[in-house]
Amino acid sequence: MKNNIGRPLKFESAAELDEMIRAYFDSCDSRTEIHFTKSGEPIEVPNPRPYTISGLAYYLGTNRQTLLNYEQRDEFIDTIRAAKAKIEMFVEESLWKPKIATGVMFNLKNNFGWEDKSSIETSGETTHNIKTTDELSHLSVEELKQLEEILSKTSNSE
């Protein structure tokens with residue numbers, strides 16, 4: 001396929017890109033480390049590298065944004081979406097490992113559009129703008145209602 005505007009495409013076809021993407025996943029899966037037994041014997045221990053969009057882009061010799069731009073091209077959309085789905089599945093499954101959950105949540109929010117959502121239903125006409133450095137998303141709906149009542153009482157007494 002010829003690109004008439006700008007720089008020529010790095011990948012000539014979806015099949016070529018798909019082959020390179022599969023090679024990236026294989027390279028992540030086949031990664032090992034050398035460990036030593038108590039007697040000093042070296043042994044290879046599997047240590048797979050995590051799947052990431054940035055890692056895939058680096059492996060392909062491009063950058064993250066260029067890789068994601070390929071998703072906008074009809075010829076490559078399915079290939080890129082399949083790779084992103086595999087990476088997202090890997091990242092989401094990593095949430096079950098408590099030590100890395102915070103980093104995983106950062107990744108999901110910034111690369112896959114995940115969001116923390118909470119809503120507060122209020123009645124009456126009083127609205128409060130709360131400025132705090134503390135995160136309130138851990139509060140239950142009941143606790144938020146109690147907080148609203150307290151704030152309502154303080155603003156009525158002013």
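The values are calculated or read from the model by the stated rules, or taken from the named source; none is laboratory data. Just so we're clear, the structure is a prediction, and the values are computed from it rather than from any experiment. So basically every Cβ, Gly included, is an ideal-geometry build from the backbone, and we count neighbours across all protein chains shown.
Here are a few things to note about the model shown:
- Residue identified as at pLDDT below 85 and over 19 Å from the mean Cα position of the chain (by Cα) among T102, T133: T133
- Of the helices (runs of 4 or more DSSP H) entirely within the stretch 2-83, those holding at least 3 residues that are exposed (fewer than 13 other Cβ atoms within 10 Å of the Cβ) and either modelled with pLDDT of 90 or more or not basic (K, R) (or both) occupy 14-29.
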